[in-house]
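One structure below.
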Amino acid sequence: MTSPATTPDNESSSDTSVPLIELRGVGKSYGNIVALQGIDLRVGAGEVTCVLGDNGAGKSTLIKIMAGLHRQSEGQLLVDGEPATFDSPKDALNKGIATVYQDLAVVSLMPVWRNFFLGQELRRGTILKSLDIEAMRATTIGELRKIGIDLPDVDAPIGTLSGGQRQCVAIARAMFFGARVLILDEPTAALGVKQSGMVLRYISAAKEEGFGVVLITHNPHHAFLVGDHFVLLNRGRQTLDRAYGDITLDDLTTEMAGGQDLATLTHELGR
Ligand SMILES: Nc1ncnc2c1ncn2[C@@H]1O[C@H](COP(=O)(O)OP(=O)(O)O)[C@@H](O)[C@H]1O
Ligand SMILES: [Mg+2]
């Protein structure tokens, strides 16, 4: 008999030691442009993995690989410890990997509940299959309340909600439709302090519920508030990989700001 401690458990996805998603030596080139190289990343259940980096660092490329939009040029993608190949975003969704993009795909003039169920409407009856509006309204109200968002009116056009509320609705939607991994692309980038707080609180709640979260951000303060792991990308390479507790906010901020580059500049400009 082999020891359980040394036997990889590929059967059980509830085994928290097996990451929901793992990238091993992942790289991506667009023709001659190397967008990503040698990326190792683990997304565990009940953890927030933050991916930080400046513009052009490769964050979107990394998301697209995990979301099934792009195939990596090298390295391996594993889901629940098993090698996986995604041919489309649908393949990723089927594995419970949902991506909430910064430019939310919402129809501004349609009610909140309609956006919540967009493309996955509830229907009733067997022949005419009319929309089950009451069920969709009630579910939307219930799901949002569960996460502490009390919208006065789910019939309001979603365009009238604040940016933070819209992000939260999009995340709640992904969770409701069976996601286990939430990939959030700069969810706080366009938000003020209060709205960002709402989204960060929500991310923290999702993590407590056991979701795996990948938080893409260029804000080290936001990352540090909710993150368990911090991965920094710089021109396609992973220049830092630390757990919360192994790095301070100051160090993360300095690394993020370009570390040495910034120190040199400070000296140069006499500050
Ligand atoms: N479809 C593409 N074709 C060619 N080059 C691309 C494409 N997408 C991204 N790149 C390049 O790959 C690098 C990483 O881009 P990206 O992943 O968008 O970074 P980030 O999201 O961190 O700003 C950049 O140099 C960018 O110009
Ligand atoms: Mg990007």
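The values are calculated or read from the model by the stated rules, or taken from the named source; none is laboratory data. Since we're looking at a predicted model, the values are computed, not measured. As a convention, Cβ positions derive from the backbone with ideal geometry for all residues, glycine included, and neighbour counts pool all protein chains shown. The protein model used for the area step is the full one, side chains on, heavy atoms only, and it has no ligands, DNA or RNA in it. Shrake-Rupley method; radii C 1.70, N 1.55, O 1.52, S 1.80 Å.
Shape class of the range 81-238 from the alpha-carbon gyration tensor: oblate, with a/c at 1.5 or above and b/c at least as large as a/b. The residues of the range 184-271 expose on average 56 square angstrom of accessible surface per residue, using a 1.4 Å probe on protein heavy atoms.
Place the peptides 74-80, 18-24 in order of packing, highest mean first, counting for every residue the other Cβ atoms within 10 Å and averaging per peptide. Present the calculation step by step, with values, prior to reporting the outcome.
Numbers: 74-80: 18.0, 18-24: 21.6.
Ranked by mean Cβ neighbours within 10 Å, highest first: 18-24, 74-80.
When a/c is below 1.5 the answer is rounded, else prolate if a/b is larger than b/c, else oblate, so apply that to the range 54-109 with a ≥ b ≥ c taken from the square roots of the Cα gyration tensor eigenvalues. Cα axes put the range 54-109 in the oblate bin.
Across the chain, the relative contact order, built from alpha-carbon pairs under 8 Å that are at least six residues apart, equals 25 percent.
Sorting check: for 59-67, 32-40, 82-90, 221-229, which peptide has the highest mean count of neighbouring beta carbons within 10 Å, and how do the rest follow?
Ranked from most to least packed, the peptides come out as 59-67, 221-229, 32-40, 82-90.
Given a Förster distance of 41 angstrom, what is the FRET efficiency for residue 160 paired with residue 94, based on the Cβ-Cβ distance and rounded to 0.05? Show your work: numbers first, answer last.
Values: r = 33 Å, r/R0 = 0.81.
Approximately 0.80, to the nearest 0.05.
Taking amide H as placed 1.01 Å from N in the peptide plane, the amide H of residue 102 sits under 5 Å from that of 185, each at least 5 places away or on another chain. Two tests apply to each whole DSSP H helix in the chain, Cα reach of 27 Å or more along its axis and mean Kyte-Doolittle hydropathy of at least -0.5, and none passes both. Modelled label positions at residue 74 and residue 189, each set 7 Å beyond Cα in the direction of Cβ, lie 2.7 nm from each other.
Can you give me the relative contact order of the range 13-68 as a percent, contacts being Cα pairs under 8 Å and 6 or more apart? For the range 13-68, the relative contact order is 30 percent. Within the range 170-228, the proportion of Cα pairs with more than 15 Å between them is 43 percent.
Amide H to amide H distances under 5 Å link residue 244 with 229, 230, where only residues 5 or more positions off or on other chains count and H is placed in the peptide plane.
Got the relative contact order for the range 164-269 handy, in percent, Cα pairs under 8 Å and 6 or more residues apart? Provide the component values of the computation, followed by the final result.
Values: 95 pairs, mean separation 22.3, N = 106.
Computed value for the range 164-269: 21 percent relative contact order.
Apolar share of the accessible surface for the chain: 51 percent from carbon plus sulfur atoms, 1.4 Å probe.
Lysines within cross-link reach of residue 64: Cα-Cα under 23 Å, excluding same-chain residues under 8 positions apart? Straight-line reach from residue 64, under 23 Å: 28, 90, 95, 207.
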